[in-house]
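The values are calculated or read from the model by the stated rules, or taken from the named source; none is laboratory data. Predicted model only: the values in this text are computed from it and were never measured. No Cβ is skipped: glycine too gets one built from the backbone with ideal geometry, and neighbour counts run over all protein chains shown. Just the protein is used for accessible areas: all its heavy atoms, side chains included, with ligands, DNA and RNA removed. Shrake-Rupley method; radii C 1.70, N 1.55, O 1.52, S 1.80 Å.
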Amino acid sequence: MMHSMSLIDPLDARILLALDDDPDATTLAVSRTLGVSRNTVQARLKRMARVSALRDFGQRVDPAALGYPLVAFISLEISQSLGDAAAEGLIALPEVVEIHSTSGDADMLVKVVARDTTHLYRVTNDMLVIPGVKRSSTSISLAEVLPTRLRTLLEVVAAGPQHA
């Protein structure tokens, strides 16, 4: 989802950084750390959840801890007239953890997790029978050099517009 304006202001970013430092912190503890009222922290968190600025807790779980240590990126060529059906079919596969519509050679880039290469092969074949999926190209991740990180961006926002 693309946003034309920031949904998180400097105080929101400071709240999120405090929770990043201590995920078990209570609203009261965060309010004391930041020197703002508990009601302010609570209202800010509710607003960020309401406008979908916060993602679900499942984003923090390592797939390897669930028995899926292999990560692969699959570029798909999709029949343009069946794009929605293809997306629905992909979403139905539990091993599909992320999907992006892309420009360039591929129409979609799909991040999948698997138990091993045999399992990945099955998942890839499951994708190829989805209506609208025409062709795939798979790249296996050898190592995660930099996991998804947003802390550095939160620090920029927390510093305020003069530092952005």
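Things to note:
- Using C-alpha pairs under 8 Å with a sequence gap of at least 6, the mean separation divided by the residue count of the chain gives a relative contact order of 28 percent.
- Listed peptides 54-66, 20-32 appear in the order 20-32, 54-66 once ranked by packing, highest mean of other Cβ atoms within 10 Å at the front.
- Percent accessible area from carbon and sulfur atoms, segment 49-101, protein chains only, probe 1.4 Å: 54 percent
- Integer Hz, Karplus 6.51/-1.76/1.60 couplings in order for segment 7-20, x for Gly and Pro: 8, 10, 9, x, 5, 4, 4, 5, 4, 5, 5, 5, 6, 5
- Percent of C-alpha pairs per 5 Å bin, the chain, short to long: 1, 7, 14, 16, 13, 13, 12, 10, 8, 4, 1, 0
- Scanning residues 5 or more positions from residue 97 or on other chains, those with amide H under 5 Å from its amide H are 111, 112, 113, with H placed 1.01 Å from N in the peptide plane.
- The H on the amide N of residue 70, modeled in the peptide plane, is under 5 Å from the matching H of 114, each at least 5 residues off or on a different chain.
- Calculated FRET efficiency, residue 97 to residue 22, Cβ-Cβ distance, R0 = 25 Å: about 0.40 to the nearest 0.05.
- Site pair residue 155 and residue 29 shows an inter-label distance of 2.2 nm when each label is modelled 7 Å from Cα along Cα→Cβ.
- Phi angles of segment 145-155 translate, via the Karplus equation with coefficients 6.51, -1.76, 1.60 and θ = phi - 60°, into HN-Hα couplings of 6, 9, x, 3, 9, 10, 4, 5, 6, 4, 5 Hz per residue; Gly and Pro are given as x.
- Karplus-derived 3J(HN,Hα), 6.51/-1.76/1.60, for each residue of segment 130-138, Hz, glycine and proline x: 6, x, x, 7, 9, 7, 9, 9, 10
- Net charge over other residues, Cβ less than 15 angstrom from the Cβ of residue 24 (K, R count +1; D, E count -1): -1
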